[in-house]
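What follows is a single structure, written as structure tokens, with notes after it.
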């Protein structure tokens, strides 16, 4: 990606419809099923390191490490850090 989109967050790209809700949900589901480190591609040319994003946000890290945390809590934490992240 070049230009303005390089500085936008995933959430902003979602509002601009460069990233779709379906693409976002697919990467969240994939990460929750197999939470591996590294870059996760959301759509062509737009990737995010989800594990690094979680580790960079103390609240998300806390939600993810809570004993007995629900899948919904994990999904909310992952969605939040992805929406705030700037893609590679």
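Descriptive notes on the structure:
- Members of the stretch 39-64 that are touching a residue at least 24 places away in the same chain (Cβ under 8 Å) and not in a helix (DSSP H, G or I): 39, 42, 43, 45, 46, 47, 48, 49, 57
- Under the condition of being closer than 16 Å to residue 78 by Cβ and out of contact with any strand residue (DSSP E or B) (no Cβ under 6 Å at 6 or more places or on another chain), the residues counted in the stretch 12-21 number 2.
- Condition met for residue 67 (more than 12 Å from residue 87 (Cα to Cα), out of contact with any helix residue (DSSP H, G or I) (no Cβ under 9 Å at 6 or more places or on another chain) and not in a strand (DSSP E or B)): yes
- Selection status of residue 49, at pLDDT 95 or above, closer than 18 Å to residue 77 by Cα, within 14 Å of the chain's Cα centre (by Cα) and surrounded by fewer than 16 Cβ atoms within 10 Å (Cβ to Cβ): no
- Selection over the stretch 27-38 of residues that are without any contact (Cβ under 8 Å) to a residue 12 or more places away in the chain and either surrounded by 12 or more Cβ atoms within 10 Å (Cβ to Cβ) or over 19 Å from residue 55 (Cβ atoms) (or both) gives a count of 3.
- Summed over the stretch 52-80, residues that are surrounded by 18 or more Cβ atoms within 10 Å (Cβ to Cβ), modelled with pLDDT of 90 or more and closer than 15 Å to residue 10 by Cβ total 4.
The values are calculated or read from the model by the stated rules, or taken from the named source; none is laboratory data. Just so we're clear, the structure is a prediction, and the values are computed from it rather than from any experiment. Here Cβ is always computed from backbone atoms with ideal geometry, including for glycine, and neighbour counts include all displayed protein chains.
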